[in-house]
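The values are calculated or read from the model by the stated rules, or taken from the named source; none is laboratory data. In this text, all values refer to a predicted model and were calculated from it rather than measured experimentally.
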Amino acid sequence: MTISEKPHLKSRFEDAANSMSPDQEGAIRILANELHRVNEAVMNCVNHGLSIELQRVKRCHSEAGYWGDMIVPVIVKQSGKQS
(Lines give C-alpha, C1' and ligand atoms only; values in the text may rest on other atoms or scores of the structure.)
Protein backbone atom coordinates (compact mmCIF):
# COMPACT_ATOMS: atom_id res chain seq x y z
CA MET A 1 0.00 0.00 0.00
CA THR A 2 1.40 3.40 -0.93
CA ILE A 3 0.71 6.57 0.98
CA SER A 4 -1.73 7.76 -1.68
CA GLU A 5 -3.79 4.57 -1.20
CA LYS A 6 -4.32 5.13 2.53
CA PRO A 7 -7.84 6.27 3.42
CA HIS A 8 -8.07 9.91 4.49
CA LEU A 9 -7.76 10.40 8.26
CA LYS A 10 -11.30 11.75 8.52
CA SER A 11 -12.84 8.68 6.85
CA ARG A 12 -10.75 6.32 9.01
CA PHE A 13 -11.97 8.17 12.11
CA GLU A 14 -15.58 8.16 10.92
CA ASP A 15 -15.43 4.40 10.30
CA ALA A 16 -14.11 3.81 13.82
CA ALA A 17 -16.53 6.32 15.39
CA ASN A 18 -19.54 4.34 14.20
CA SER A 19 -18.69 1.56 16.66
CA MET A 20 -17.66 3.71 19.69
CA SER A 21 -19.51 4.12 22.94
CA PRO A 22 -20.24 7.66 24.19
CA ASP A 23 -17.39 7.29 26.74
CA GLN A 24 -14.99 6.26 23.98
CA GLU A 25 -16.11 9.17 21.80
CA GLY A 26 -15.46 11.54 24.71
CA ALA A 27 -12.00 10.07 25.28
CA ILE A 28 -11.17 10.49 21.57
CA ARG A 29 -12.38 14.12 21.62
CA ILE A 30 -10.07 14.83 24.57
CA LEU A 31 -7.16 13.14 22.78
CA ALA A 32 -7.82 15.07 19.56
CA ASN A 33 -7.90 18.38 21.45
CA GLU A 34 -4.67 17.60 23.29
CA LEU A 35 -2.96 16.48 20.06
CA HIS A 36 -3.99 19.77 18.47
CA ARG A 37 -2.28 21.58 21.37
CA VAL A 38 0.84 19.40 20.95
CA ASN A 39 0.93 20.21 17.23
CA GLU A 40 0.64 23.93 17.98
CA ALA A 41 3.49 23.63 20.51
CA VAL A 42 5.66 21.82 17.93
CA MET A 43 4.96 24.57 15.37
CA ASN A 44 5.85 27.19 18.00
CA CYS A 45 9.19 25.46 18.66
CA VAL A 46 9.90 25.26 14.91
CA ASN A 47 9.07 28.97 14.55
CA HIS A 48 11.60 29.67 17.33
CA GLY A 49 14.40 27.84 15.52
CA LEU A 50 14.12 24.32 16.95
CA SER A 51 13.69 20.99 15.20
CA ILE A 52 11.42 18.62 17.12
CA GLU A 53 10.89 14.91 16.71
CA LEU A 54 8.20 13.05 18.63
CA GLN A 55 9.46 9.62 19.66
CA ARG A 56 7.63 6.69 21.16
CA VAL A 57 9.25 5.79 24.44
CA LYS A 58 6.92 3.05 25.58
CA ARG A 59 3.53 1.51 25.03
CA CYS A 60 0.87 1.20 27.72
CA HIS A 61 -1.42 -1.84 27.75
CA SER A 62 -4.78 -2.55 29.35
CA GLU A 63 -5.75 -5.91 30.79
CA ALA A 64 -8.31 -6.18 27.96
CA GLY A 65 -5.58 -6.09 25.30
CA TYR A 66 -5.82 -2.45 24.21
CA TRP A 67 -2.65 -0.38 23.90
CA GLY A 68 -1.46 3.17 23.30
CA ASP A 69 1.88 4.74 22.46
CA MET A 70 3.54 7.13 24.91
CA ILE A 71 5.63 9.87 23.28
CA VAL A 72 8.24 12.46 24.25
CA PRO A 73 9.66 15.38 22.29
CA VAL A 74 13.29 15.17 21.23
CA ILE A 75 15.15 18.32 20.20
CA VAL A 76 17.12 17.60 17.05
CA LYS A 77 20.26 19.73 16.98
CA GLN A 78 21.11 21.55 13.77
CA SER A 79 24.87 21.74 13.31
CA GLY A 80 26.19 25.29 13.15
CA LYS A 81 22.75 26.98 13.34
CA GLN A 82 21.50 29.27 16.08
CA SER A 83 18.63 31.74 16.21
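One table, with the values for the structure above:
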{"item": "Selection from segment 11-43 of residues that are at pLDDT 90 or above and part of a loop (DSSP other than H, G, I, E, B)", "result": "MET20, SER21"}
{"item": "Residue check for ILE71: modelled with pLDDT under 95 and among the hydrophobic types (A, V, I, L, M, F, W, C)", "result": "no"}
